[in-house]
Amino acid sequence: MRVFAFGCVLLIIVSTLVVVGKGEVYIVTVEGEPIISYAGGIDGFQATAVESDESIDTMSELVISYGNHLEKKHDMLLGMVFEQGTYRKLYSYRHLLNGFAVHISPEQAETLRRTPGVKSVERDWKVRRLTTHTPQFLGLPTGVWPTGGGFDRAGEDIVIGMIDSGIYPHHPSFATHNTEPYGPAPKYRGKCEVDPDTKRNYCNGKIVGAQHFAQAAIAAGAFNPSVDFASPLDGDGHGSHTASIAAGNNGIPVRMRGHEFGKASGMAPRARIAVYKALYRLFGGFVADVVAAIDQAVYDGVDILSLSIGPNGPPAATKSTFLNPFDATLLGAVKAGVFVAQAAGNGGPFPKTLVSYSPWIASVAAAIDDRRYKNHLILGNGKILAGIGLSPSTQLNETYTLVAANDVLLDSSVTRYNPTDCQRPELLNKNLIKGNILLCGYSFNFFAGTASIKKASETAKALGAVGFVLCVENTSSGKIFDPVPVGLPGILITDVSNSKELVDYYNITTARDWTGRVKSFKGTGKIGDGLMPILHKSAPQVALFSARGPNIKDFSFQEADLLKPDILAPGSLIWAAWCPNGTDEPNYVGEGFAMISGTSMAAPHIAGIAALIKQKHPHWSPAAIKSALMTTSTTLDRAGNPLLAQLTSETEAIKFVKATPFDYGSGHVDPTAALDPGLIFDAGYEDYLGFLCTTPGIDIHEIRNYTHTPCNNTMGKPSNLNTPSITISHLVGTQVVIRTVTNVAEEETYAITARMDPAIAIEVNPPAVTVKAGASSKFTVTLTVRSVTGSYSFGQVLMKGSRGHKVRVPVVVNGYPR
């Protein structure tokens, strides 16, 4: 969706008045450590730094005192550089970054850049949204929930922070009246805002925190309180949808249009939800607000962060994808022990379209699960035309006359309203439509969001039609059409050739006079039942829209020695909670549930599953949780065949190709296996600094600006970062990669094997290793260019344990000549 202590110096006061219309929001970092990494050294303020994977003690007087000190320093700096009234500070960042967001003119920003003690000044940029059956598909009810005491204990006491568009707290997915009462969340210290109208707060035990962040949006003139709501209330549905995927209550009936489509459940139905609203329905959001939300969430004590957002584009000043206020704040979150799941992006199927880059983040790609909805239209000549439509059928043994909207206009002058898309019943002749099937055109307005299938259904019903058909007569390459639930029999004919066949049949059977006016409608048809899903063994598959690798290290699109995405999770046609005033999807306005697609839906699946792992293994680091998810994932579908990925073909149809790690990362998540991975590849803050310091092209001063730490190059190469994947984007000759595994189970002996595409030779050493419980062991992977192909080669390292554990590590290498 649209998403990222000063020394004693002499300062010259600048008297520049802000012209509000020309002001912009800037994110400024300054000298001095944030709370998470302050090691002491300032008189009167003791150290507040945390060890890697350790949470901030929010109740500590030391933390509170030092935080106040930083905020005063921010205010003092601004007050010394600018006259009062010429700027507006929006936020002080104290916990994960040391800096602030401020609304100033571009000229004032230049002044700040030249001011001693200021490390970076970045113009704010926008983020966007990266817009149930899946618990059963993932095996949670039988394989995972029982290990934690059943669904009514799954995720107990784990707090998932949702950085999104808010929440609709009255939805049954978040209700507490049918669940065992919640006690206080043991470590969470967040607050609940009060609804400005009802004076009720948004929390109920299930929802433990609810705050909104909009200062940057307000300063930019984008915020409209009557539409966006100056509260945590969800203004578009997206936030309620993602929150219920991660942690919605179990067994909530999904009812729409008189039909129950099944029961909805979150991945961790007993987990708590902490809401940090920083996205809004019309404009998405601003990085300054998102950074403030993340900073607050970590300070409040969340265990997991779910981000279904990504930047609209690169930041204005930063060159590296890994170093900007957004990614640097998330690095601080991970240092504080918070696991971060982020949507990979919806720019697929094209390469290098990811918007989630950094190794400390779990970047989640989207899969199609095993459920498909199909429908059909049977014409009077016996032809059966396939389509989609979540609707009941017309009466079984009856056929009905087909009437095109174009031929039943009340007045020919109304053509300027594009009446063929059936959005305005007042333009059409009810007497000619009543009792018949109405044929409509799927115009550009549907793609633009100004027309909807829901409205076409309402038009047909208002005019007395027994059903309706929408015909797609031309489309862009690879356009995906999602089925929409409607109460009236209805179908969308998505294949252009089928639409042509329908139009041809209609024209042949419709008699007209010399002016083209219809004399009689003779074409007939009937609509099938589209309510029941068809379950496919070919699932999962990588969704067409899911962003693809390779990962990039800078905004010149230079490739990184780091695999992204990390993992694949369900993200297509996901049923979940919606809010009645939600407008993100025009087909679900006023509804309680919505079935939508996007990596936005995939990320909260991983956030919820991570909560279940955190519940079972409360002391695991974010890297350990991510490793467990990745090494136990699968690259096979339900039928045992290699995963496929959707791709567009030359004929504009969608085709399927064998997927690669650039499509799915390590593979599709397997929650049951992830609870007991056997071995983990652990990493912490110092390791991530080593990755940054050894990545060619990253400015060491930029690293120090954001991490307050000098570079240490002992890692040697970025490919030595201890991740559960191996990527070398530019291999010349031979390179040896080192990995360390830690046994989180009982003592076990692992046989280590490797395979690779022929262009790259691979060798592992040692061939077997015995690892005691809690102990660690190293192995090396030697990679050598055999032949230069001009493209990446793929392979894997497989570790098979004597107690049945399997650990799989994807290997991705691009060989170059010497």
* aspartates and glutamates whose Cα lies under 14 Å from that of K374, excluding same-chain neighbours fewer than 8 positions away -> D482, D495, D529
* To do: Please go through segment 692-798 and write out the chymotrypsin sites (Phe, Trp or Tyr not before Pro) that DSSP classes as loop and that have at most 14 other C-beta atoms within 10 Å.
  => none
* Write down the percent of antiparallel bridges among all DSSP beta bridges whose residues are both part of the chain, to the nearest 5. => 65 percent
* Structure fact -> Taking a label point 7 Å from the Cα of I534 along Cα-to-Cβ, the residues of segment 380-410 whose backbone nitrogen sits under 13 Å from it are 385-389
* Could you do me a favour and compute the accessible area per residue for segment 24-123, 1.4 Å probe, result in Å²? => 42 Å²
* Asked: Accessible area per residue, 1.4 Å probe, Å², for segment 256-298: what's the number?
  -> 19 Å²
* Asked: Given labels modelled 7 Å from the Cα in the Cβ direction, how far is it in nm from K383 to K430?
  -> 3.3 nm
* Per residue, what volume in Å³ does the convex hull of the Cα atoms of the chain enclose? -> 180 Å³
* Structure fact -> Projecting the Cα atoms of T86, W125, I703 onto the charge dipole of the chain, where Lys and Arg contribute +1 and Asp and Glu -1 at Cβ, the residue farthest towards the positive end is W125
* Kindly provide the GluC sites (Glu not before Pro) of segment 548-652 that DSSP labels as loop, not H, G, I, E or B, and whose Cβ sees at most 11 other Cβ atoms within 10 Å. => E650
* Structure fact -> Among L562, T660, G387, the residue whose Cα sits farthest towards the positive end of the charge dipole of the chain, when +1 is placed on the Cβ of each Lys and Arg and -1 on the Cβ of each Asp and Glu, is G387
* FRET efficiency, 1/(1 + (r/R0)^6) with R0 51 Å, evaluated for A639 and S520 via beta carbons -> 0.50
* Once you list every other residue whose beta carbon is under 12 Å from the beta carbon of L798, what net charge do they have if Lys and Arg are +1 and Asp and Glu are -1? -> +4
* **Cα-centred dipole magnitude for segment 371-535, charges only on beta-carbon of K, R (+1) and D, E (-1), debye, nearest 20** => 120 debye
* Asked: Out of segment 534-605, which trypsin sites (Lys or Arg not before Pro) are coil in DSSP terms and have no more than 14 other C-beta atoms within 10 Å?
  -> K537
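Say R0 is 25 Å: what FRET efficiency, to the nearest 0.05, do S776 and I700 get from their beta-carbon distance?
0.25
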* Roughly speaking, what is the stretch gain from A448 to S802, that is 0.36 nm per residue apart minus the C-alpha to C-alpha distance, in nm to one decimal? -> 121.8 nm
* Can you tell me how much longer the chain between A511 and K187 gets when fully stretched, taken as 0.36 nm per residue apart minus their C-alpha distance, in nm with one decimal? => 109.2 nm
* Structure fact -> About its Cα centre, the chain carries a charge dipole, from +1 on Lys and Arg Cβ atoms and -1 on Asp and Glu Cβ atoms, whose size in debye to the nearest 20 is 1560 debye
* To do: Using only the Cα atoms of segment 722-816, each taken as one equal point scatterer with no solvent, compute I(q) by the Debye sum, divide by I(0), and report log10 of the ratio at q = 0.17 Å⁻¹.
  => -0.69
* Asked: All other residues with a Cβ under 11 Å from the Cβ of G190 taken together, and with Lys, Arg as +1 and Asp, Glu as -1, what is their net charge?
  -> +2
* To do: Starting from the Cα of Q84, step 7 Å along the direction of its Cβ; do the same at K72; then give the gap between the two resulting points in nm.
  => 1.8 nm
* Using a simple spin-label model with points 7 Å from Cα along the Cα→Cβ vector, what separation in nm is obtained for N397 and T740? -> 7.7 nm
* Structure fact -> Note to self: with every protein chain in place and a 1.4 Å probe, segment 707-818 gives an accessible area per residue in Å² of 46 Å²
* Asked: Among L77, Y38, P106, whose Cα lies farthest out toward the positive end of the dipole of segment 24-123, if unit charges sit on the beta carbon of Lys, Arg (+1) and Asp, Glu (-1)?
  -> P106
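Hey, which of these cross-link pairs are over 31 Å Cα-Cα: K319/K717; K73/K626; K263/K658; K335/K658; K614/K800?
K73/K626; K263/K658; K335/K658
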* Asked: Roughly how many percent of the accessible protein surface of the chain is carbon and sulfur, given a 1.4 Å probe and a whole-percent answer?
  -> 52 percent
* Asked: Hey, if we sort F656, F82 by accessible area with the 1.4 Å probe, largest down, what's the order?
  -> F656, F82
* To do: About the Cα centre of segment 337-428, how large is the charge dipole given +1 on each Lys and Arg Cβ and -1 on each Asp and Glu Cβ? Please answer in debye to the nearest 20.
  => 360 debye
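The values are calculated or read from the model by the stated rules, or taken from the named source; none is laboratory data. Small disclaimer: the values here were computed from a predicted structure and weren't measured. We place every Cβ from the backbone using ideal geometry, glycine too, and count neighbours over all the protein chains shown. These area figures cover heavy atoms from the full protein model, side chains too; ligands, DNA and RNA do not enter into them. Shrake-Rupley method; radii C 1.70, N 1.55, O 1.52, S 1.80 Å.
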